[in-house]
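Chemist: My questions all concern the structure below.
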Amino acid sequence: MKIVGGSAGRVLAVLIARKVGLNASEAEIKRFPDGEKYLRVDDDVAGQDVVIVQSIHHTSDDLLFEYFLLCDTIRGLGARRIIGVLPYFAYARQDSQFKPGEAVSFRTVAKLIEDVGTSELFSVDMHQHRVGRVSDVFNIPVHNLTAAPLLAEYVRSNTPLERPVVIGPDEESEQWALAAANAIGADHDVLEKKRLTPEKVQIFTRSLAVQGRDVLLIDDIISTGDTIVTATKMLKEQGARRVIIACTHPILAYDALARIYATGAEIVVGTDTVPSPISHVSVAPLIADAMMRFLRSSPTLLEYVADDRN
Ligand code: R5P
């Protein structure tokens, strides 16, 4: 088995490879003078199962195209099977037509990822708001892992929590609030949110039992930060003692981080699915563990791990 990172997956590829006892392979990725991408895989992948790690954040189109080049090249070199690891899966939020004629980008991206030769996919807290199950979008097996327990444990080990309660800023975030609450033995609840524009949300007041308590506010993505800023202000108005913020994917568009700290939030933590100043929790162990479970259910792959370790 081989593990190779795209330009937004090199660090995670090395960390995941280390966890499963392999060395990551390198792909040469640069640009032609006209801006087009050049890619070369100088490794013997014929007959192998190849894991491609690429987190699709910020320059999403560019990084997706690079994933397509990697996948197609590796398939062309005779790889047996391609396992995509896309820790942050861009375009998942555009999972419906909100206005007639809009692209349903999530489905288009999923289709392209499959068409280019991905046999199996791992992702972390992939946004699935209006999509019930990943199998409604993908025809290949998808392992959607959650980093919520890791984030909650990080918070607990970095600050003593006074009567903690975990809050999700909208209904969809209940899954993360629940997983985080279970990890630290706390209660959980969710707020109600209405998105007004891509940059603006409205959060509805609910009478929550947060008075005098430490709140861990958790979400999958912090993009503009408006969800977290609006929710934090509301929680403070409701008497929360402290609001600590965690998210899996710290996209942090514009001045999101400054706006969040300006609310008085003490700790803001995210994972390394998106490298950022708050990416203190690595998803490498989470992905490596899931991959090892997958390898154990696929004995031929385990053989490769054993061979490459020698
Ligand atoms: C939306 O449903 C997501 O779970 C996040 O709440 C959202 O992406 C956050 O976006 P923003 O930081 O721009 O409010």
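Chemist: Of all residues in the stretch 1-18, count the ones that are β-branched (Val, Ile, Thr) and in contact (Cβ under 8 Å) with a residue 60 or more places away in the chain.
Modeler: Result for the stretch 1-18: 3.
Chemist: A follow-up question, please. Which of the residues spanning the stretch 257-267 are crowded, with 17+ Cβ neighbours inside 10 Å and either at pLDDT below 95 or touching an Asp or Glu at 6+ places or on another chain (Cβ under 6 Å) (or both)?
Modeler: ALA265
Chemist: Among (1) out of contact with any Phe, Trp or Tyr (no Cβ under 9 Å at 6 or more places or on another chain); (2) closer than 23 Å to SER279 by Cα; (3) in a strand (DSSP E or B), there is one condition THR227 misses while meeting the rest; what is its number?
Modeler: Checking THR227 against (1) out of contact with any Phe, Trp or Tyr (no Cβ under 9 Å at 6 or more places or on another chain); (2) closer than 23 Å to SER279 by Cα; (3) in a strand (DSSP E or B), the one that fails is (3).
Chemist: Quick one: which of ALA46, ALA90, ALA79 is within 16 Å of the ligand (Cβ to nearest atom) and assigned to a loop (DSSP other than H, G, I, E, B)?
Modeler: Being within 16 Å of the ligand (Cβ to nearest atom) and assigned to a loop (DSSP other than H, G, I, E, B) holds for just one of ALA46, ALA90, ALA79, which is ALA90.
Chemist: May I pose another question? Hey, can you tell me all the residues within the stretch 250-265 that are of a type outside the set (Phe, Trp, Tyr) and more than 15 Å from ASP220 (Cβ to Cβ)?
Modeler: Answer for the stretch 250-265, where residues must be of a type outside the set (Phe, Trp, Tyr) and more than 15 Å from ASP220 (Cβ to Cβ): ASP255, LEU257, ALA258, ARG259, ILE260, ALA262, THR263, GLY264, ALA265.
Chemist: Answer yes or no: is there a residue in the stretch 213-233 that is at positive phi and more than 9 Å from the ligand (Cβ to nearest atom).
Modeler: No.
Chemist: I would also like to ask the following. Counting only residues that are more than 17 Å from GLY5 (Cα to Cα) and out of contact with any strand residue (DSSP E or B) (no Cβ under 7 Å at 6 or more places or on another chain), which one in the stretch 20-38 is surrounded by the most Cβ atoms within 10 Å (Cβ to Cβ)?
Modeler: Looking at the filtered set, the residue picked out is GLU36.
Chemist: Take the residues in the stretch 245-256 that are buried (at least 24 other Cβ atoms within 10 Å of the Cβ) and of a type outside the set (S, T, N, Q); name whichever of them is farthest from the chain's Cα centre (by Cα).
Modeler: Initial filter on the stretch 245-256 (buried (at least 24 other Cβ atoms within 10 Å of the Cβ)): 245-250, 252.
After this cut, where a residue has to be of a type outside the set (S, T, N, Q) as well, the list is 245-247, 249-250, 252.
Values: ILE245: 16, ALA246: 13, CYS247: 9, HIS249: 5, PRO250: 9, LEU252: 14 Å.
The selected residue is ILE245.
Chemist: Would you check which residues across the stretch 130-142 are out of contact with any Lys or Arg (no Cβ under 7 Å at 6 or more places or on another chain) and in contact (Cβ under 8 Å) with a residue 24 or more places away in the chain and list them? Before you say what the answer is, go through the steps one by one.
Modeler: We begin by selecting, within the stretch 130-142, every residue out of contact with any Lys or Arg (no Cβ under 7 Å at 6 or more places or on another chain); these are 130-136, 138-142.
Residues satisfying the conditions are ARG130, VAL131, PHE138, ASN139, ILE140.
Chemist: In the set VAL131, VAL165, VAL155, VAL137, which member is more than 16 Å from the ligand (Cβ to nearest atom), at pLDDT below 95 and either within 12 Å of LEU216 (Cβ to Cβ) or surrounded by 14 or more Cβ atoms within 10 Å (Cβ to Cβ) (or both)?
Modeler: VAL137
Chemist: Return only the number of the condition from (1) outside any strand (DSSP E or B); (2) away from the ligand (no atom under 16 Å from the Cβ); (3) surrounded by fewer than 21 Cβ atoms within 10 Å (Cβ to Cβ) that ILE287 does not satisfy.
Modeler: Condition (3) is where ILE287 drops out.
Chemist: Now for a different question. Which of (1) farther than 18 Å from VAL124 by Cα; (2) in a helix (DSSP H, G or I); (3) of a type outside the set (Ser, Thr, Tyr) does ALA17 not meet, given it meets every other one?
Modeler: (1)
Chemist: Report, by residue number, each residue of the stretch 193-207 that is closer than 25 Å to ILE251 by Cα and either away from the ligand (no atom under 16 Å from the Cβ) or out of contact with any helix residue (DSSP H, G or I) (no Cβ under 7 Å at 6 or more places or on another chain) (or both).
Modeler: Correct list: LYS194, ARG195, LEU196, THR197, PRO198, GLN202, PHE204.
The values are calculated or read from the model by the stated rules, or taken from the named source; none is laboratory data. Here the structure is a predicted model, which means the values were calculated and not measured. Cβ atoms come from the backbone with ideal geometry, glycine included; neighbour counts cover every protein chain shown.
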